[in-house]
Amino acid sequence: MIKKLMIVFISVLLVSCSSPTKKERIDMKKIEIVAAGAKGGGADATVRAIQQVLTEKKIVKVPVSVSNKIGGQGEEGWKYIKQRKEGNIVSGNSSLLITNNLLGQSQLTYKDFTPLAILTSEWEVIVVPANSPIYNLKQLIRTLNQSESSMKVGISPRLGNDDHLSFMQLNKKAGVDSSKLEFFVYNSSHKVIDALVHHQLDVAPMSLSEVKKQYEQGQVRILAVSSPSRLEELKEIPTWKEAGIDVTFSHWRGLMGPPNMTKEQVAYWNKTVYEMVHTKEWEQLLKDNDLTSFYKNSSGAKVFLEQQSKLYSDLMGGTNDE
């Protein structure tokens with residue numbers, strides 16, 4: 001009798017251990033992806049691309065919705081995600097998650113969330129007016145070193161973003177004292193480009209997609225791109241490395257979930273995102289938006305975020321005490 005009771009007890013124990021708890025289950029009746037920004041912006045475009053591919057390719061079998069949370073340079077969207085407990089509600093992210101904290105504009109850090117993936121990269125370019133006397137990056141660096149305060153540098157939409165930090169990293173590696181540069185902040189890249197065209201600015205760092213059209217129209221000159229090798233669609237533009245400055249810099253976007261996601265939930269998103277980024281539809285969306293695939297799964301994303309946090313902290317002259 002005792003032996004039979006022991007067998008029953010062990011059987012019940014094994015069943016309870018192997019069955020997922022309520023916390024481990026994923027409510028897959030629907031998926032919500034948060035765009036931490038307004039419709040039409042970069043954050044919105046990324047998550048809507050995810051929604052489109054997941055739905056059209058039937059990678060998931062449930063409705064996929066996008067919700068826009070506007071405010072605080074992504075802050076409102078990320079606060080919303082931090083309060084969730086469900087594994088089916090996730091959010092896009094970008095370097096703003098790190099820089100907002102370093103600038104003292106947010107208490108949130110990448111450690112407050114579960115990294116799920118890094119998805120895309122967009123490269124930075126250095127732009128001057130079309131008829132500028134500066135023709136290449138080496139010449140620009142020499143000019144900056146000779147008379148830093150005389151050159152006017154345009155940034156949008158604020159100091160501390162990727163455009164600004166990429167330029168600081170470039171200068172740091174080239175031996176230019178960025179503290180002596182004169183920065184002018186505009187609320188949009190369109191206004192920066194207009195200021196370049198009208199010679200109100202001498203130089204501006206910005207994302208390639210923001211200025212590619214004006215470059216092709218001959219309104220501005222691109223000196224160099226921050227990619228590790230020349231881009232297929234702009235083979236005539238040299239890299240920063242080719243100018244002797246061993247720096248690459250990417251404006252990246254990724255995906256993250258609420259804190260304390262279970263292993264099962266993370267595994268689900270690893271599988272889902274892996275299938276998505278290996279579709280022709282995803283590749284075409286990246287091409288249409290001048291983006292480069294920069295895929296890293298959840299474990300790769302965690303390491304990458306740690307590295308980026310240290311890089312941005314060093315560039316901004318702070319210490320990363322998180």
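The values are calculated or read from the model by the stated rules, or taken from the named source; none is laboratory data. Just so we're clear, the structure is a prediction, and the values are computed from it rather than from any experiment. Using ideal geometry, Cβ is built from the backbone for each residue, glycine included, and neighbour counts are taken over all protein chains shown. Side chains are part of the model used for accessible areas, which takes the heavy atoms of the whole protein and leaves out ligands, DNA and RNA. Shrake-Rupley method; radii C 1.70, N 1.55, O 1.52, S 1.80 Å.
Since residue 166 meets every condition but one in (1) over 19 Å from residue 245 (Cα atoms); (2) open to solvent by less than 10 Å² (accessible area, probe 1.4 Å); (3) among the hydroxyl-bearing types (Ser, Thr, Tyr), which condition does it not meet?
(1)
Collect the residues in region 124-151 that are assigned to a strand (DSSP E or B) and either under 23 Å from residue 241 (Cβ atoms) or under 22 Å from the mean Cα position of the chain (by Cα) (or both), keeping them in residue-number order. Walk me through how you get there before you give the answer.
Here is the first cut: in region 124-151, the residues assigned to a strand (DSSP E or B) are 124-129.
Passing the criteria: 124, 125, 126, 127, 128.
Within region 132-149, work out how many residues are touching a residue at least 40 places away in the same chain (Cβ under 8 Å) and open to solvent by 70 Å² or more (accessible area, probe 1.4 Å).
Of the residues in region 132-149, 2 are touching a residue at least 40 places away in the same chain (Cβ under 8 Å) and open to solvent by 70 Å² or more (accessible area, probe 1.4 Å).
Please list, ordered by first then second residue, the pairs with beta carbon atoms under 7 Å, 6 or more apart or interchain, first in region 299-316 and closer than 10 Å to residue 110 by Cβ, second assigned to a helix (DSSP H, G or I) and among the aliphatic types (A, V, I, L, M).
Listed pairs, sorted by first residue: 308/98; 309/98.
Quick check on my filter: what residues within region 194-213 are at pLDDT 95 or above and in a helix (DSSP H, G or I)?
Within region 194-213, 194, 195, 196, 197 qualify.
So, in region 232-278, how many residues would count as being open to solvent by 10 Å² or more (accessible area, probe 1.4 Å), out of contact with any helix residue (DSSP H, G or I) (no Cβ under 7 Å at 6 or more places or on another chain) and part of a strand (DSSP E or B)?
Residues meeting the conditions: 1.
Working carefully through the options 154, 87, 160, 104, find the one that is at positive phi and either part of a helix (DSSP H, G or I) or open to solvent by less than 10 Å² (accessible area, probe 1.4 Å) (or both). Write out each step before concluding.
Working: 154 fails: at positive phi; 87 fails: at positive phi; 104 fails: either part of a helix (DSSP H, G or I) or open to solvent by less than 10 Å² (accessible area, probe 1.4 Å) (or both).
Being at positive phi and either part of a helix (DSSP H, G or I) or open to solvent by less than 10 Å² (accessible area, probe 1.4 Å) (or both) holds for just one of 154, 87, 160, 104, which is 160.
List every residue pair whose Cβ atoms lie under 6 Å apart, where the two residues are 6 or more positions apart in sequence or sit on different chains, the first residue falls within region 29-54 and is free of Cβ contacts under 8 Å to residues at least 24 places away in the same chain, and the second residue, located anywhere, is of a type in the set (Ser, Thr, Tyr) and open to solvent by less than 20 Å² (accessible area, probe 1.4 Å).
Short answer, once both residue conditions are applied: none.
This table checks each residue for (1) more than 25 Å from residue 58 (Cβ to Cβ); (2) among the aliphatic types (A, V, I, L, M).
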site	(1), (2)
249	yes, no
257	no, no
261	no, yes
281	no, no
285	no, yes
300	yes, no
308	yes, no
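What number goes with the only condition from (1) modelled with pLDDT under 90; (2) farther than 20 Å from residue 123 by Cα; (3) surrounded by 13 or more Cβ atoms within 10 Å (Cβ to Cβ) that residue 317 does not pass?
So the condition that residue 317 fails would be (3).
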